[in-house]
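Every number in this text was worked out from the coordinates using simple rules, so none of it is lab data. Please read these numbers as outputs of a predicted model, since none were measured by experiment. Neighbour counts are summed over all protein chains in view; Cβ atoms, including those assigned to glycine, are modelled from backbone coordinates with ideal geometry.
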Amino acid sequence: MFVVVASRTDAAARALCERAPPGSAQLLSWRDLSTPGWRYYGDPGDGDDGAVIADTPITNAEITAVLTRCPAVPPHELGHIVPADRSYVAAEMTALLVAWLTRLRCPVFNRPQDGCLCGPRWPPERWTMLASSLGLRAVPVERRAVPGLAPSAPRPTAPPGFELRTVTVVGARVLASTKPPETLVDAALTLASAAGVTLLKTEFAVRGSEHVFVSAGLDVDLAAGSVADALLAAA
Amino acid sequence: MNVLLWGLPQDAPLATIRRELRRAGVEPLTIDQRRPDQIAIELTTAATVTGTFKLPSRTVAIEDIDAAYLRPYDAQRLYSATTPHAAALAEAIIAWAGVTPALVVNRPAAMASNESKPYQLELIRAAGFAVPPTLITTDANAVRQFANKHGPLIYKSVSGVRSRVARLSNERAESLDDVAWCPTQLQHHIDGVDHRVHVVKDSVFATRVESADDDYRYAERAPTLTETTLPSQIKNRCIELAAALELPLAGIDLRVTPEGEWYCFEVNPSPAFTYYESATGQPIAAAIARLLTGVG
């Protein structure tokens, strides 16, 4: 089974499950985490881990791949929990998922990092510095927090004369609206590998044979059929 | 020498470190979390990070900051820290802390392992420590089977949210079906004596904590804290564990059984070390100050 860990408002995640062969992809609902059947043993010798997906008990071995779409379980989506307890229960559920997703042996797009379920939720500065350390030219990130002035959210943009291109890494594949040059493919894959992720949206400013790193993030567009198909093929 | 402090000035660990820094002749740059309106930050990041921190006392170039001790409180609990500027300031500090070459005690990313106890426990095990048999479950039957195998159990939070460690009593066991609502962490109760070990890079300060309660932090009678010396193998393992977790400062919770076996439960990335220092006289704050100033 291909499991998708996503908010119930994530229409793209639901559409991905519907795109897969019937019954082969399921959305993990937060209600599943309030259902008998979850077992995570610190020592595998104590028993087999188990989960509940779409209200059905399942073993880890039956899971062929996982896509994680949210950084944590959102408290406001735990309507089945009394309001006063939602923040705590959400934190507990997230903590279990971090350990469970880290341990799974199947492909996970992306494994938890730094407490975030869907991979490294880094600020732009960290991505830019990583890109620079890999030898990529990068657009500097400017950030400002000054009393009395509107905070400036760091949003690097393409330099004048350059065209912004989105390149998505899905496992070993690199997808874009038009075929990207090999140097761009290599840059995207190198960045994803260095960040420890298998699913990554990158933006590069391109002019001829030149390219400059602009940004990277986990907000991959699932509506792009090629991305969805690549994910399902990995399962 | 420029050392940055971020948090609440009245917070005991932060206040103590500030005092030790001043004693060492270093006036730290203090970002008071309650007064974000006094602080401005501008950052430019590419291959390096540059910019300025503007504080009431002075303005300092980002690249001139040598070290930082970060101990922020949950901003949602600080009225004055929920403005857009306060939020932007916090994000800027965290972004800077993730990319600066300065020593940061501790980097936010490194602290995250504590937010999932079972995840962190695997890292502790990988470092060579014995850990208690552990189950996280929504399944009451799994709890009963686990108890049948391992005997007396305790339960506590799975996440970094603080909880009181409690025994699974017969009375509490009657409500076991309630675990279905929320993943619950249970562990075999390890009988023994608690030790809190503060690691400051290569320095180790061990405190023996004697208490009749399952969780000495909530004991009705105050526990007895005494300075102690760890076996060298355990001491070195603590240093290696803190380094593996990329925590220049760590509070490691151990327990030694009557048979002399050492178990590790958790690594606290932002330890309230002053409680132990006050009781034992161990110079933990001074060690942290030396670490921040590059002297030790």
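Overview of values
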quantity	calculated
Rg to Rh, two decimals, where the range B:1-78 supplies the alpha carbon set and Rh follows Kirkwood	0.97
B:ARG144 paired with A:ALA233, simple spin-label distance in nm, labels 7 Å along Cα-to-beta-carbon	4.9 nm
Contact order relative to length of the range A:63-107, as percent, for alpha carbon pairs under 8 angstrom and 6 or more apart	51 percent
Taking chain A and dividing mean pair separation by its residue count, relative contact order in percent (alpha carbons under 8 Å, at least six apart)	17 percent
Solution diffusion estimate, µm²/s, Stokes-Einstein, the range B:171-296, Kirkwood Rh from C-alpha pairs, 25 °C, viscosity 0.890 mPa s	153 µm²/s
Computed FRET value (nearest 0.05) for A:ASP186 with B:ASP37, which takes r as the C-beta separation and R₀ as 35 Å	0.15
Cross-link partners of A:LYS179 among aspartates and glutamates (Cα-Cα below 19 Å; sequence separation of 8 or more within a chain)	A:GLU163, A:GLU203, A:GLU210, A:ASP221, A:ASP229
Rg ratio (alpha-carbon, reference 2.2 N^0.38 Å) - the range B:205-277	1.13
Within the range A:219-235, backbone nitrogen closer than 14 Å to the virtual label 7 Å beyond the Cα of A:ALA11 toward Cβ	A:222-224
Residue-averaged beta-carbon neighbours from other chains (10 angstrom radius) around A:27-33	1
For the range B:111-220, the Rg and Dmax computed from alpha carbons only, in angstrom	15.1, 47
Exercise: per-residue mean of other protein chain Cβ atoms within 10 Å, B:41-53	6
Helix-derived mean residue ellipticity, 222 nm - over chain B, DSSP H n ≥ 4, -39500 (n - 2.57), to 500	-8500 deg cm²/dmol
The protein assembly as shown - Rg and Dmax from Cα coordinates, angstrom	24.4, 74
Mean separation of Cα contacts under 8 Å, 6 or more apart, over the residue count of the range B:70-144: relative contact order %	15 percent
Surface/4 estimate of mean projected area, convex hull on alpha-carbon atoms of the range B:1-153, nm²	13.3 nm²
Rotationally averaged projected area of chain A (alpha carbon convex hull; nm²)	15.5 nm²
Likely footprinting exposure, B:PHE129, A:PHE213, fewest C-beta neighbours within 10 Å first	B:PHE129, A:PHE213
Order by protection proxy (mean Cβ within 10 Å, highest first), peptides A:181-192, A:156-167, B:240-251	B:240-251, A:181-192, A:156-167
Sites A:GLU210 and B:ALA219 - FRET efficiency at Förster radius 56 Å, r taken between beta-carbons, to 0.05	0.30
Cβ-based charge dipole, the range B:235-296, positive-most Cα from B:THR257, B:PHE273, B:GLY294	B:GLY294
Cβ-placed point charges (K, R +1; D, E -1), dipole of the range A:34-137 about Cα centre in debye, nearest 20	560 debye
Within chain A, helix-based [θ] at 222 nm, where runs of 4 or more DSSP H residues each add -39,500 (n - 2.57), nearest 500	-8000 deg cm²/dmol
For the protein assembly as shown, share of DSSP beta bridges that run antiparallel, in % to the nearest 5	75 percent
Average beta carbon contacts from partner chains per residue of B:129-136, 10 Å cutoff	4
Given charges at beta-carbon only (K, R positive; D, E negative), |dipole| of the protein assembly as shown in Debye	940 debye
Evaluated over chain B, the Cα radius of gyration and Dmax, each in Å	20.9, 63
Cα-Cα P(r), the range A:1-140, percent of pairs per 5 Å interval	2, 10, 16, 21, 19, 13, 8, 6, 4, 1, 0
Net charge of neighbours whose Cβ lies under 11 Å from the Cβ of B:TRP181, counting Lys and Arg as +1 and Asp and Glu as -1	-3
FRET efficiency estimate (nearest 0.05) - Cβ-Cβ, B:ARG164 to A:SER177, R0 45 angstrom	0.25
Extension reserve of the A:VAL82-A:SER24 stretch, reckoned as 0.36 nm per residue once the Cα distance is removed	17.6 nm
